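Here's the structure, in structure tokens; my notes come after.
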Amino acid sequence: MSAPDEPLSAYRHKRDFARTPEPSGAREPSQALPIFVVQKHAASHLHYDFRLEVDGVLKSWAVPKGPSLAPHMRRLAVPTEDHPLAYANFEGVIPDGCYGAGTVMVWDTGTYESTTTQNRHPVSMTDALREGHVTFRLHGTKLRGEFALIHIHGARKDTWLLITMQDEDADPGHDPTLTQPNSVLTGRSLDEIIRASDG
Ligand code: MN
């Protein structure tokens, strides 16, 4: 058993790597620029997993409706376990009976920069997440511009909001979950990912 403070212990505990094609992963050193990834996950309910690289792992939230480009839009974001960095390239089918069974697509990915400040001083992602208030600028293919993740105090469950900030990249008339539904890595639809795994 890994120590309870090992960031990936919850991730590994939930999975049988003899059965699932997901990466077992390792905590890896950061690249020059941290990455983000949004994975479309057709599990029991379709949702989008929003992940930010922090301290060598992917901090993760499940966003039922997916991210929005409409300024001031708030989307429910429920924290899930830290995922290994290698998960950012995972696209495939998690077999029935496994944790998170269903199809996973890399819907968007890119780099991000933290923009969180307090009293005009930059705040590290680690500290900002612990405080439950982080802002960042995404440099993706579908998602660009500034977003915030805010922990809702007093909520019954551990609940955050993913908020689209008002900036030049925000666009109330464009919903990329509808206009750009396919994989940013392979161009495949969910059905095409399923068919590829059947072979
Ligand atoms: Mn998921």
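Yes or no, residue by residue, for (1) without any contact (Cβ under 8 Å) to a residue 24 or more places away in the chain; (2) within 19 Å of T159 (Cβ to Cβ); (3) open to solvent by 20 Å² or more (accessible area, probe 1.4 Å); (4) within 10 Å of the ligand (Cβ to nearest atom):
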residue: R19; (1), (2), (3), (4): no, no, yes, no
residue: S24; (1), (2), (3), (4): no, no, yes, no
residue: P34; (1), (2), (3), (4): no, no, yes, no
residue: A88; (1), (2), (3), (4): no, no, no, no
residue: E91; (1), (2), (3), (4): no, no, yes, no
residue: G97; (1), (2), (3), (4): no, no, yes, no
residue: G100; (1), (2), (3), (4): no, no, yes, yes
residue: T103; (1), (2), (3), (4): no, no, no, no
task: Tell me, please, whether a residue that is among the polar types (S, T, N, Q), at pLDDT 95 or above and within 13 Å of the ligand (Cβ to nearest atom) can be found in region 41-51.
output: no
- request: Would you mention how many residues in region 82-109 are closer than 18 Å to H45 by Cα and in a strand (DSSP E or B)?
  value: 9
- prompt: How many residues does region 133-150 hold that are in a strand (DSSP E or B) and open to solvent by less than 20 Å² (accessible area, probe 1.4 Å)?
  reply: 9
field: Sole exception among (1) open to solvent by 60 Å² or more (accessible area, probe 1.4 Å); (2) under 19 Å from M165 (Cβ atoms); (3) within 12 Å of the ligand (Cβ to nearest atom) for K65, by number
entry: (3)
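The values are calculated or read from the model by the stated rules, or taken from the named source; none is laboratory data. This one's a predicted model, so the numbers in the text were calculated from it and none came from an experiment. FYI the Cβ positions are ideal-geometry reconstructions off the backbone, even for glycines, and counts take in every protein chain you see. Heads up: the accessible areas ignore ligands, DNA and RNA and are worked out on the full protein's heavy atoms, side chains in. Shrake-Rupley method; radii C 1.70, N 1.55, O 1.52, S 1.80 Å.
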